[in-house]
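Report on the structure given below.
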Amino acid sequence: MNEKEQAAGEKRVKELLIEPLEALGLTKPGTMRKEQFETMKKELRQMLAYMQPKSLEELREWCAAHPGGKERDRFPIALHILNQARRIEPPETGPSPLMLKVFGHPLGREAIAKGWSPELLTWLKGNREWPGNFTLSQIKAAADDPVRRLEDIEARLARGGAVSAEEAVFRDRRRAALQKCQDIADEARSQRPEVQA
């Protein structure tokens, strides 16, 4: 999402979700100070900017039906709104800045070249930090079997041999995972033209 789309999305969230809920009389959660409530609304605008109008209307109906506070006259907390938003319309997640950094780095290029990039990507999604040397050795070890299995399947196919349906499914999934990592590396390179291939 570029800056223009983000700004338009934030405006949509304000107009279709936040303002109508305030017009219904929902106020800040009781335990929040005014400035915290303003920050919460800003975060909601930023984080929900991806949502389409119909989804925002559905989310507004949910919020109106699930108000917070003893008197049921408060905004639900942001966590509850965000969780419901993900159920209504999951965000289309692209690579995180860390993923772009790793796959734009020689480490990521090595992972792609040697076939262990899907395991690296999975680890990055779960841990959200740069992997250390010990972690890298574990990632490579976990990738050892899938890398060898794909090489074996590709070699049999190159010789004109047959593969089972299960092996064909594995090959398709593995190649898609490898391509996803390559796409992230390409995106990282396009964002930083000074990085050499």
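In segment 99-131, the qualifying residues are those that are of a type in the set (Lys, Arg) and modelled with pLDDT under 90, and the one that is most open to solvent (accessible area, probe 1.4 Å) is Arg128.
Quick check on segment 106-127. Is at least one of its residues out of contact with any Phe, Trp or Tyr (no Cβ under 7 Å at 6 or more places or on another chain), under 11 Å from Ala185 (Cα atoms) and aromatic (Phe, Trp, Tyr)? Taking every residue of segment 106-127 in turn, none turns out to be out of contact with any Phe, Trp or Tyr (no Cβ under 7 Å at 6 or more places or on another chain), under 11 Å from Ala185 (Cα atoms) and aromatic (Phe, Trp, Tyr). Just so you know, in segment 30-54 the residues that are surrounded by 13 or more Cβ atoms within 10 Å (Cβ to Cβ) and free of Cβ contacts under 8 Å to residues at least 12 places away in the same chain include one that is nearest to the chain's Cα centre (by Cα), and it is Lys42. Scanning segment 33-74 for residues that are touching a Ser or Thr at 6+ places or on another chain (Cβ under 9 Å) and more than 18 Å from Glu10 (Cα to Cα) yields Gly69, Asp73, Arg74. Only residues that are open to solvent by 50 Å² or more (accessible area, probe 1.4 Å) and at negative phi were counted across segment 55-81, and they come to 14.
Residue by residue, here is whether (1) farther than 26 Å from Glu5 by Cα; (2) open to solvent by less than 50 Å² (accessible area, probe 1.4 Å) holds:
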| site | (1), (2) |
| --- | --- |
| Asn83 | no, no |
| Ile88 | no, yes |
| Pro97 | no, no |
| Phe134 | yes, no |
| Asp152 | yes, no |
| Leu157 | yes, no |
| Ala162 | yes, no |
| Gln179 | yes, no |
| Glu187 | no, no |
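Residue count for segment 11-29 under the criterion of being within 17 Å of Glu89 (Cα to Cα) and open to solvent by less than 50 Å² (accessible area, probe 1.4 Å): the result is 3. Restricting Ala49, Ala64 to residues that are small (Gly, Ala, Ser) and touching a Leu at 6+ places or on another chain (Cβ under 9 Å) narrows the list to Ala64.
The values are calculated or read from the model by the stated rules, or taken from the named source; none is laboratory data. In this text the structure is predicted, and so the values were computed from the model without any measurement. Cβ coordinates were reconstructed from backbone atoms using ideal geometry, including for glycine residues, and neighbour counts include every protein chain displayed. Only protein heavy atoms, including side chains, enter the accessible area calculation; ligands, DNA and RNA are left aside. Shrake-Rupley method; radii C 1.70, N 1.55, O 1.52, S 1.80 Å.
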